[in-house]
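Report on one structure; see the data block that follows.
The values are calculated or read from the model by the stated rules, or taken from the named source; none is laboratory data. Being a predicted model, the structure only gives us computed values, none of them experimental. When we count neighbours, we look across all protein chains shown, and the Cβ atoms used for this are built from the backbone with ideal geometry, even at glycine. Protein only, heavy atoms only, side chains kept; ligands, DNA and RNA dropped before computing areas. Shrake-Rupley method; radii C 1.70, N 1.55, O 1.52, S 1.80 Å.
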Amino acid sequence: MLEPLPETERRNHATVLQGQFRVSASPVDEFGTVLGSCVATCLHDPVASLGGMNHFLLPKPLSETERGEVDVHYGVYLMEMLINAMLAQGGRKQHMRAHLYGGANLHRGMERIGSANARFAREFLQREGIALAREDLGGSAARRLDFRPASGLVRCRRLDVLEPDAAVSLRPVLPWAEPRGEVELF
């Protein structure tokens, strides 16, 4: 488990909303988001002590979208932006390790958007030669995600909906874990 920070040192928490990405090397930065069918990619370069997170709504634009029109909610755009931002801050693709979260199919009988998002993210990382260290994708539960980009530590909690329009209860899935070896296990 991580030791808590001293009272004099606070975390800088930033929420990553749909269509956004953030990158940081600061040890006090922490990114968070809540996911349903969306997918968040957490990338970490342990050599540069640098990391970033994105949050995408759909894999790529529909075929009827006008060419040249950029919509930041798509994975194809946000994955490139996240990788390029990390490269610009000194990261190296061969050192990057990815974690994927979300991709739930929240409503029965509806299109399986979460599954399509998860498939896209896995295939994108494979094409780019970025190692997938951990994933928590699919199912029917939303997730709350916290990521410390400089250390690569991730905490993912599932949000189990008790019944439609009811309050949610938090059930931890993964506690904070200390990195071990070359690949960080969570």
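Table for the structure above
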read-out	value
Test: PRO59 is at pLDDT below 95 and open to solvent by less than 80 Å² (accessible area, probe 1.4 Å)	yes
Qualifying residue in region 143-156 (condition: over 16 Å from PHE31 (Cβ atoms) and not hydrophobic (A, V, I, L, M, F, W, C))	no
Which listed residue, of SER24, SER49, SER37, is modelled with pLDDT under 95, open to solvent by less than 80 Å² (accessible area, probe 1.4 Å) and of a type in the set (S, T, N, Q)	SER37
Selection from region 20-36 of residues that are farther than 20 Å from GLY138 by Cα and part of a loop (DSSP other than H, G, I, E, B)	ALA25, SER26, PRO27, VAL28
Residue in region 7-16 that is nearest to ARG158 (Cα to Cα), counting only those that are at pLDDT below 95 and in a loop (DSSP other than H, G, I, E, B)	ARG11
Filter result (among the aliphatic types (A, V, I, L, M) and surrounded by 21 or more Cβ atoms within 10 Å (Cβ to Cβ)) within region 80-124	LEU82, ILE83, MET86, MET96, ALA98, LEU100, ALA104, ALA118, ALA121
